[in-house]
Amino acid sequence: MWRQNAIALIRTRAAQLAQAPWAGYPLAIVAVLAAVGIRTALEGFGSFYYLPMLPAVMAVALLAGRRETVFAILLAITANVILDRQDSVIDMIVNAVLFATVAWLISEGFRRLRVSRRHADELSLRLARRDHMLQTVLVSVPVVMLDRRGVIRSLTPSASVLLAASEGLATGEPFSLFVEDFDLKTFAPRIAGGAGPGSWVARRGDGQRLHLNIQLGINEDENDPDHAILTLTDLTATHTADAQARELHTQLNRVWRLNSLGEMAATLAHELNQPLSAAVTYLHAAKTDMRRAGPVADSAGRTVDMAKGQLLRAGEIIRRMRELLAHETRGLDVERTGTMIYDLQGVLEMIGGTGGATIEFYIDEENDRVWAERIQFQQAMVNLVRNAVEALEGRPDPRVVVSGRAISPEAYEIRVEDNGAGIATADMESIFRPLISTKSGGMGLGLSVTRTIIESHGGVLKVEASPLGGAAFSFCLMRERELLDS
């Protein structure tokens with residue numbers, strides 16, 4: 001222990017001397033004086049000449065730099081020349097040169113040893129830090145170590161929690177116990193059950209199912225029993241969110257179809273009402289003319305009555321269809337605009353991904369409490385975003401911006417803008433009419449249905465040119481305080 005403490009003290013002093021540029025010179029003087037004292041004390045036992053001076057030079061070389069070492073060597077030679085008044089100048093010079101050479105070589109050896117030791121200490125410190133970092137990563141990342149047969153040799157605590165199996169129970173078991181189709185020899189990222197690329201369906205120790213992404217690393221050392229390193233990522237939450245987004249998308253499409261049918265029924269009822277009424281009037285006039293013809297026309301009159309009845313029945317059927325498929329009137333509830341829109345984020349990004357467009361959201365969530373019917377509002381947003389994405393087809397940098405902000409104490413504005421070609425001024429009114437579409441193959445119901453939904457919320461759907469270069473659709477919802485005051 002004392003030796004380790006002494007070495008540590010010497011290293012500390014060496015570091016301090018290295019930082020103080022002139023501290024090594026007093027050390028050299030003290031060391032040489034101490035060597036002179038030792039040499040003088042040993043004079044009674046014989047002539048030692050330069051031998052006591054070597055430890056002094058070694059001490060300076062160990063604790064100071066090269067210049068201080070040279071200074072110590074010169075002091076030692078000077079002291080030895082003064083103490084040993086030799087008759088032969090040549091012997092004095094030869095001894096001095098030999099001492100200087102030997103002392104310098106020894107000092108260089110000590111200096112290199114000190115530098116190597118410092119580098120070794122720095123390397124040990126870096127390795128210790130890296131080892132600590134790796135240990136931290138291994139604690140937080142689910143990692144499983146397998147042998148060449150695919151048997152678990154060890155796993156990190158986070159992997160144990162993820163698989164719901166303690167390390168003691170999992171060690172020695174094949175990894176296929178948790179991932180049934182896993183085979184180390186044929187491992188490759190794949191689609192498992194349609195879950196997604198690189199996704200595997202696993203079964204935890206408690207029987208629950210989860211989706212995993214598995215990254216594989218191979219240890220090429222033939223003598224190391226840890227052959228494969230598996231890094232696990234839990235994708236269950238992601239798959240759940242995707243499933244919820246797809247379900248919401250399906251529900252919104254179903255609502256859109258019903259609303260579209262209702263809009264179409266209302267349009268057809270309006271368009272067919274006049275010709276049906278005119279046909280009934282003509283048949284009534286025809287029967288009046290037949291009465292004048294007498295009994296000969298009775299048979300034709302009964303046929304006219306039957307035709308008239310069928311026309312009236314057709315009008316009744318259309319009226320009932322309109323009532324059945326008309327937009328369901330629901331009470332408005334207080335909703336958070338940001339929540340309603342961000343719940344749709346997965347759906348809207350799916351729509352944007354299909355058209356290769358980027359969807360951006362800028363929603364003021366501090367003052368976004370409005371009166372709305374959630375499903376109808378979300379369907380209107382899906383319609384507007386889908387129209388914007390479709391309008392960006394062929395654009396080099398397709399982009400859709402969805403924004404929301406309170407513009408007054410009574411109104412909260414929602415805008416859907418794109419950087420497409422825009423809408424001609426002459427078409428800005430006609431695009432809201434049912435059965436009129438600017439797209440080939442379109443039914444002309446999307447914007448009509450959307451406008452009807454917005455109007456049922458007390459708003460007005462508007463369209464104008466967007467600063468992005470395309471079209472901007474906007475409408476306002478009543479903020480919570482306005483409906484309370486009304």
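Here are a few things to note about the model shown:
- For GLU393, residues with placed amide H under 5 Å, excluding near neighbours: none
- A cut-off of 5 Å between modelled amide H atoms, ignoring neighbours fewer than 5 places along the same chain, links THR358 with ARG399, VAL400.
- Between ALA164 and GLY205, the built amide H atoms are under 5 Å apart, and every one of these is 5 or more places off in sequence or on another chain.
- Applying the Karplus relation 6.51 cos²θ - 1.76 cosθ + 1.60 with θ = phi - 60° to segment 361-377 yields 3J(HN,Hα) values of 10, 9, 10, 7, 8, 7, 10, 10, 7, 10, 9, 7, 9, 3, 5, 4, 4 Hz, where x marks Gly and Pro.
- Placing +1 on each Lys and Arg Cβ and -1 on each Asp and Glu Cβ, with no other charges, gives segment 42-149 a dipole about its Cα centre of roughly 880 debye.
- A cut-off under 12 angstrom between Cβ atoms defines the neighbours of SER124, and their net charge, with Lys, Arg +1 and Asp, Glu -1, is +2.
- In angstrom, the C-alpha Rg and Dmax of segment 67-187 are 32.2, 96.
- Three-way shape label, segment 124-166, alpha-carbon gyration tensor, a/c 1.5: oblate
- Ordering 151-157, 220-226, 463-469, 368-374 by mean Cβ neighbour count within 10 Å, with the highest value first, yields 368-374, 151-157, 463-469, 220-226.
Values quoted throughout were computed directly from the atomic coordinates according to the rules given, and no laboratory measurement underlies them. Everything numeric here is computed off the predicted structure, so don't read it as measured data. When we count neighbours, we look across all protein chains shown, and the Cβ atoms used for this are built from the backbone with ideal geometry, even at glycine.
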